[in-house]
1. Does segment 98-121 hold any residues that are charged (D, E, K, R) and surrounded by 13 or more Cβ atoms within 10 Å (Cβ to Cβ), and which are they?
2. With surrounded by 13 or more Cβ atoms within 10 Å (Cβ to Cβ), closer than 20 Å to THR36 by Cβ and either free of Cβ contacts under 8 Å to residues at least 24 places away in the same chain or among the β-branched types (Val, Ile, Thr) (or both) as the only criterion, which of ILE131, ILE81, ILE95 stands out?
3. So, of the residues in segment 51-62 that are surrounded by 15 or more Cβ atoms within 10 Å (Cβ to Cβ) and part of a strand (DSSP E or B), which turns out to be modelled with the highest pLDDT?
4. It is to be established whether one or more residues within segment 64-74 are among the small types (Gly, Ala, Ser) and either outside any loop (DSSP other than H, G, I, E, B) or under 19 Å from LEU18 (Cα atoms) (or both).
5. Looking at segment 33-49, is at least one residue closer than 15 Å to VAL93 by Cα, crowded, with 16+ Cβ neighbours inside 10 Å, within 16 Å of the chain's Cα centre (by Cα) and of a type in the set (D, E, K, R)?
6. Identify all residues within segment 7-22 that are over 13 Å from the mean Cα position of the chain (by Cα) and either part of a strand (DSSP E or B) or at pLDDT below 75 (or both); write none if there are none.
Amino acid sequence: MISESLNRTKHIRDDGWLAEIISMNYPDHPFCGVHTYIVSISPGRSRANHYHLKKEEWIALAAGRILISLEDTRTKEKEKIVLDTAEKDYRIVHIPPSIAHSITNLGTGEASIIVFSKTPEDRSDTFGYMIDA
């Protein structure tokens, strides 16, 4: 065999799926320092609906059209960002600690995002939070 593959767990839910791509949680990876995973979002569905006190994330759209809804949990300031792979420009969105985020698929097909962080997933640093429209 001249190629190598790394097996990853695909976490399937009714609103889409998530698979860690690069993570300090896997002893077999050749990468270090960045935790990366891909998330799918079913049409018309939302994912995330939470915030972190320590972790910061960078979100990159891989496919589709999404709405990122943000709310500062301390000041209640809100922001909405639409990302579309059909747009001319490409952006990666930074989500600092204490910023609640929800990602909604605005398209008719599956949307995918890639999330980058310097911190692996820590359920004790993930707090549910619904952002009002």
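The values are calculated or read from the model by the stated rules, or taken from the named source; none is laboratory data. This is a predicted model, so every value here is computed, not measured. Virtual Cβ from ideal backbone geometry, glycine too; neighbours counted across all protein chains shown.
1. Selection gives GLU110, GLU121.
2. Testing whether each residue is surrounded by 13 or more Cβ atoms within 10 Å (Cβ to Cβ), closer than 20 Å to THR36 by Cβ and either free of Cβ contacts under 8 Å to residues at least 24 places away in the same chain or among the β-branched types (Val, Ile, Thr) (or both) leaves just ILE95.
3. Of everything passing the filter in segment 51-62, TYR51 is modelled with the highest pLDDT.
4. Yes, because at least one residue in segment 64-74 is among the small types (Gly, Ala, Ser) and either outside any loop (DSSP other than H, G, I, E, B) or under 19 Å from LEU18 (Cα atoms) (or both).
5. No, segment 33-49 has no match at all.
6. Answer for segment 7-22, where residues must be over 13 Å from the mean Cα position of the chain (by Cα) and either part of a strand (DSSP E or B) or at pLDDT below 75 (or both): LYS10, HIS11, ILE12, ARG13, ILE22.
To keep it simple, each residue is scored yes or no on (1) closer than 17 Å to SER42 by Cα; (2) assigned to a loop (DSSP other than H, G, I, E, B); (3) modelled with pLDDT of 95 or more; (4) more than 15 Å from the chain's Cα centre (by Cα).
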| residue | (1), (2), (3), (4) |
| --- | --- |
| LYS80 | no, no, yes, yes |
| HIS94 | no, no, no, no |
| SER102 | yes, no, yes, no |
| THR108 | yes, yes, yes, yes |
| SER124 | no, no, yes, yes |
| ASP132 | no, yes, no, yes |
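One line per residue, one yes/no per condition, for (1) over 16 Å from PHE127 (Cα atoms); (2) free of Cβ contacts under 8 Å to residues at least 60 places away in the same chain:
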residue: LYS55; (1), (2): no, no
residue: THR75; (1), (2): yes, yes
residue: ALA100; (1), (2): no, yes
residue: GLY107; (1), (2): yes, no
